[in-house]
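Enquirer: Please see the structure below; I have some questions.
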Amino acid sequence: DNRDWPAYNEGLVKVGEYLLDLEWVKGWYAELAHMNDGKVGAPYRFPKSLIELQVLWHTKSIPYRMIEGMTRSLSKLGKLPSYNNYSTTNRRANRLDYSLVPPDGQNLVLFSDGTGLQAVNGGEYLREKYGKKNRRWVQIVILGDPNTKEPVHFEVHLSPESETDSALRQMKHIIENGGNNIDSFGGDGAFDNMDLWDFLRDNDIEPAIKPDKSAREDTDNEIRNRHAKERKKSYRNWARKHRYGMRWPATEGIFSAIKRIFGETLRASSEIGMEKEASAKIWAYKRMRKYAKALN
């Protein structure tokens, strides 16, 4: 492992700082005024920044009732103007948008893969609803950047779906809504799908998808045919040429870090709760990395 260990360790320390960074409190009332400007119905009493901090704590497996106690203590110490109860936090957390904002104006290099988080309290509910023995796992499919080692986009599925279909939807969303170009896209053999190959060809995206050993070389997609021939001739040369080795830091490396920091389980029991809790782990990971980088 050739990583810079002093920098790595300091990054973890900075992530810890983020969990108690209260600089945003200076703008408490200004943020509330902005949130309530033109709002119909009861006004917000607590700024979004407070809810986001509490969500970060919750991703570390701290129950919302304990989070209420932590917030109350900070209020008593004069660090917060007031505190909210756990039900307010839970309700507001389930309404937050955890989608990621792709880097603006960049040509993206992306790899995709999927993983699962275990639904501890919602497992029986998932099995009863979807009728399968393996429905205790909530699926996450990401598009990751091997250069930043961060997720760029993701989807959460309570019932497992095709990773290929998910990757296609996500890339289309980025192209149509993000103002970004995708230079290349890669994935393991599970993504060796003709619809995906055709999409990459039609959008001038360089593929780094591992073809099957016995893949046909006479399809209607000449790019896929060329990859199949190269892979059969020498997998090592094919992988080196198309930078297939970048797949790990863009996918499995991200999943490993998220599970190490936030755990592999979900505590929520409702559909919306499980979906939001899984999404919050991805969102929090990127927020923490961004914070650590900003302090460098």
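Enquirer: Six or more apart or on different chains, Cβ under 7 Å: which pairs go from a residue in region 138-152 that's in the same structural domain as Asp183 (by TED's automatic domain parsing) and of a type in the set (Asp, Glu) to one that's part of a strand (DSSP E or B) and surrounded by fewer than 24 Cβ atoms within 10 Å (Cβ to Cβ)? Could you list them?
Expert: So the pair list comes out as Asp145/Leu108; Asp145/Val109.
Enquirer: Working only within region 16-28, note down all residues that are of a type outside the set (D, E, K, R), farther than 15 Å from Phe46 by Cβ and not in a helix (DSSP H, G or I).
Expert: Across region 16-28, the qualifying residues are Leu19, Leu20.
Enquirer: I've got another one for you. Among the listed residues Leu80, Leu96, Leu56, which satisfies the condition of being among the aliphatic types (A, V, I, L, M), within 13 Å of Trp28 (Cα to Cα) and modelled with pLDDT of 95 or more? Break it down stepwise before answering.
Expert: On the way: Leu96 fails: within 13 Å of Trp28 (Cα to Cα); Leu56 fails: within 13 Å of Trp28 (Cα to Cα).
Of Leu80, Leu96, Leu56, the one residue that is among the aliphatic types (A, V, I, L, M), within 13 Å of Trp28 (Cα to Cα) and modelled with pLDDT of 95 or more is Leu80.
Enquirer: Working carefully through the options Leu126, Leu196, Leu143, find the one that is at pLDDT below 95 and among the aliphatic types (A, V, I, L, M).
Expert: Working: Leu196 fails: at pLDDT below 95; Leu143 fails: at pLDDT below 95.
Every option except Leu126 fails the conditions.
Enquirer: Kindly indicate the residue of region 268-282 that is touching a Leu at 6+ places or on another chain (Cβ under 7 Å) and buried (at least 16 other Cβ atoms within 10 Å of the Cβ) and also farthest from Asp97 (Cα to Cα) among those meeting that condition. Explain how you work it out, then say what you get.
Expert: The first filter runs over region 268-282 and keeps only residues touching a Leu at 6+ places or on another chain (Cβ under 7 Å), leaving 271, 274-275, 277-278.
Checking the rest, the ones that are also buried (at least 16 other Cβ atoms within 10 Å of the Cβ) come to 274-275, 277-278.
Details: Met274: 14, Glu275: 12, Glu277: 12, Ala278: 12 Å.
That would be Met274.
Enquirer: If you don't mind, there's one more thing I want to ask. Are there any helices (runs of 4 or more DSSP H) wholly within region 29-98 with 2 or more residues that are of a type in the set (Lys, Arg) and either outside the structural domain of Ile142 (by TED's automatic domain parsing) or out of contact with any helix residue (DSSP H, G or I) (no Cβ under 9 Å at 6 or more places or on another chain) (or both), and if so which? Steps first, answer last, please.
Expert: On the way: elements: 48-59, 64-76, 86-93.
Correct list: 64-76, 86-93.
Enquirer: Take the residues of region 1-15 that are of a type in the set (D, E, K, R) and not in a helix (DSSP H, G or I): which is modelled with the highest pLDDT?
Expert: Looking only at region 1-15, we keep the residues that are of a type in the set (D, E, K, R), and these are 1, 3-4, 10, 14.
Filter once more, keeping what is not in a helix (DSSP H, G or I): 1, 3-4.
Details: Asp1: 62, Arg3: 72, Asp4: 79.
Ranking the qualifying residues of region 1-15, first place goes to Asp4.
Enquirer: Considering only residues that are within 22 Å of the chain's Cα centre (by Cα), surrounded by 13 or more Cβ atoms within 10 Å (Cβ to Cβ) and over 21 Å from Leu77 (Cβ atoms), which ones fall in region 13-54?
Expert: Residues satisfying the conditions are Lys14, Val15, Lys48.
Enquirer: Here is a follow-up. Contact list please: Cβ distance under 7 Å, first residue in region 249-272 and more than 16 Å from Gln118 (Cβ to Cβ), second residue among the β-branched types (Val, Ile, Thr) and surrounded by 15 or more Cβ atoms within 10 Å (Cβ to Cβ), pairs at least six apart or on different chains.
Expert: Thr251/Ile142; Ile254/Ile142
Enquirer: Can you run down the residue pairs with Cβ atoms below 8 Å, 6 or more apart or on separate chains, where the first is in region 6-23 and within 17 Å of Leu80 (Cα to Cα) and of a type in the set (Lys, Arg) and the partner is surrounded by 11 or more Cβ atoms within 10 Å (Cβ to Cβ) and modelled with pLDDT under 85?
Expert: Close Cβ pairs satisfying both conditions: none exist.
Enquirer: Further, regarding this structure: Only one of Tyr83, Tyr98 is surrounded by 12 or more Cβ atoms within 10 Å (Cβ to Cβ), within 17 Å of Met274 (Cα to Cα) and either touching a residue at least 40 places away in the same chain (Cβ under 8 Å) or not polar (S, T, N, Q) (or both); which? Give the steps one after another, and end with the answer.
Expert: Numbers: Tyr83 fails: within 17 Å of Met274 (Cα to Cα).
Exactly one residue qualifies, and that residue is Tyr98.
Enquirer: Also: Please verify whether region 263-273 includes one or more residues that are over 30 Å from Tyr64 (Cβ atoms) and of a type in the set (A, V, I, L, M, F, W, C). Show your work before the answer.
Expert: Pass one, region 263-273, residues over 30 Å from Tyr64 (Cβ atoms): none.
Scanning region 263-273 turns up no residue that is over 30 Å from Tyr64 (Cβ atoms) and of a type in the set (A, V, I, L, M, F, W, C).
Enquirer: Could you list, ordered by first residue, the pairs with Cβ atoms under 7 Å in which the first is in region 216-229 and not assigned by TED's automatic domain parsing to the domain that holds Asp188 and the second is in a loop (DSSP other than H, G, I, E, B) and acidic (Asp, Glu), at least 6 apart or interchain?
Expert: Hits for this filter: zero, empty list.
Enquirer: Taking interchain pairs and intrachain pairs at least six residues apart, which have beta carbon atoms under 7 angstrom, with the first residue in region 59-71 and under 12 Å from Arg267 (Cβ atoms) and the second of a type in the set (A, V, I, L, M, F, W, C)?
Expert: Hits for this filter: Thr59/Phe262; Thr59/Ala280; Thr59/Ala284; Lys60/Phe262.
The values are calculated or read from the model by the stated rules, or taken from the named source; none is laboratory data. Since the structure is predicted, the reported quantities are computational estimates derived from the model, not experimental observations. Neighbour counts run over all protein chains shown; Cβ positions are idealised from the backbone, glycine included.
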